[in-house]
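Read through the structure below, which is laid out as structure tokens, and then see the notes.
Every read-out reported here was derived from the displayed coordinates using simple, explicitly stated rules and does not represent laboratory data. Here the structure is a predicted model, which is why all the values come from computation and not from measurement. Quick reminder, even Gly has a Cβ in these numbers, built from the backbone with ideal geometry, and neighbours come from all protein chains shown.
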Amino acid sequence: MAPAVKSLEPGTLVNVVADDGRSFGTGYFNPASLIAVRLLDPKPDAEIGEDFFVERLTRALARRAVLFDKPFYRLVHAEGDGLPGLTIDRFGDTYSLQFGTAGMEKLEVPLLSALKALLSPECIVLRNDAPSRAQEGLKSEVRLVLGDIPGRLPLEENGTVYFADIRGGQKTGWYYDQRDNRAFVASLAKGSSMLDAYSYAGGFGMAAARSGAREVIAADSSQPALALAEEAAAANRVSGVCKFVKADAMEELERLGAANETFDVVVADPPPFVRAKKDLEPGAKAYRKLARLSASVTASGGFMLIASCSHNISMERFALECGIGIQRAGRTGAIIRQAGAGPDHPVHPALPETAYLKAIVYAID
Ligand code: SAH
């Protein structure tokens, strides 16, 4: 990198020009980042102001309006919505935002103006506390920029009510990415016993309970997450069939396996085991172990979903490790669904590697 380029302030807007003078458009630059430039607009010298954001947000909204009949979804999924470095999750009139890059953070003012002009939000929270921000030289903060946040914010997905803590909860407060996978699991769960390992606020478990599971155990290491799940159980009138267990999920799976307990439906949706490329081998082993422990507590004729939200492991490798895990549990089965995130997490066609979520559902013999 030429010294003049290196000295550009992180997040500076630049024109990207090829050696032969051809223009790639306008983007923002960060000399400290491995991804030096992220493109915002195919036009050179594009003005990245309120109008730009209104146009992008309008497009993102139009897509969601076709997909969802309730205002609960990821409104902006970075590159997939033409806004690299930006995530917006919508909870009715409340918006939880995350700036992932210095370039997007610099554009906070026109972005917020556009959001206010277009959607008249009641509340906006900046959840700028993702660890990955450090790589961009950004500080960690949670900031309320508009309105008041109620302690717990209701949301609805597939007819199930949940509660998100958008100020203190994980990520932006809710994992909308699993919506379709939750609906699929719920469709298998009528009359079943179900174990929701790494339940967070009850995403899979409460959907299963509402679709008629006779017993649901939600296990997570976070008491605040379990408290949200418990509230969701009450709101969906399924408290009678739900139990909440604060535990390390692998330890709990081991304990249940040793006690010969089985469940008709088992979900294991852990935090990322492969946080960086260098963690691939230990992370892959952890997925293998998780699949082994989960398969060993899945009833014969039952179903098991294992998920990975690590973009640093491919679907192929993840499926391989899960397959070995099932075999090591002494079980057999078949894949009946292989899926990623829902359609409010669009993927830029030139960046297929940004499709981070992988969920595999097995029918276990
Ligand atoms: N399945 C959830 C999302 C899970 S996110 C949903 O549908 O929304 C991962 C969860 O794993 C978080 O709630 C986190 O608190 C929990 N977690 C992290 N480490 C854990 C561990 N060792 N044992 C149990 N839960 C853990």
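General observations
- First in region 50-74 and in a helix (DSSP H, G or I), second anywhere and among the hydroxyl-bearing types (Ser, Thr, Tyr) and surrounded by fewer than 16 Cβ atoms within 10 Å (Cβ to Cβ), Cβ under 7 Å, 6 or more apart: Glu50/Ser113
- Counting only strands (runs of 3 or more DSSP E) wholly contained in region 116-224, the ones carrying 1 or more residues that are touching a residue at least 60 places away in the same chain (Cβ under 8 Å) occupy 153-157, 160-164, 193-197.
- Residues of region 197-236 satisfying the condition of being under 19 Å from Thr262 (Cα atoms), more than 7 Å from the ligand (Cβ to nearest atom) and not aliphatic (A, V, I, L, M): Gly205, Gly212, Arg214, Glu215
- You will find that of Asp264, Asp344, the residue that is surrounded by 19 or more Cβ atoms within 10 Å (Cβ to Cβ) and over 22 Å from the mean Cα position of the chain (by Cα) is Asp264 and no other.
- Answer from Arg179, Arg152 - the residue that is within 20 Å of Arg64 (Cα to Cα) and either out of contact with any helix residue (DSSP H, G or I) (no Cβ under 7 Å at 6 or more places or on another chain) or away from the ligand (no atom under 12 Å from the Cβ) (or both): Arg179
- Selection within region 315-365 - closer than 20 Å to Leu280 by Cβ, touching a helix residue (DSSP H, G or I) at 6+ places or on another chain (Cβ under 7 Å) and among the small types (Gly, Ala, Ser): Gly325, Ala359
- Screening region 267-284 for residues that are touching a residue at least 60 places away in the same chain (Cβ under 8 Å) and surrounded by 15 or more Cβ atoms within 10 Å (Cβ to Cβ) and picking the one that is nearest to Ser187 (Cα to Cα) gives Val267.
- Verdict on Gly168 being within 9 Å of the ligand (Cβ to nearest atom) and either in contact with a Lys or Arg (Cβ under 6 Å, 6 or more places away or on another chain) or closer than 20 Å to Thr87 by Cβ (or both): no
- Between Pro71, Pro110, Pro31, the distinction of being surrounded by fewer than 18 Cβ atoms within 10 Å (Cβ to Cβ) and in contact with a Ser or Thr (Cβ under 8 Å, 6 or more places away or on another chain) belongs to Pro31 only.
- Residue match in region 179-200 (condition: surrounded by fewer than 21 Cβ atoms within 10 Å (Cβ to Cβ) and under 15 Å from the mean Cα position of the chain (by Cα)): yes
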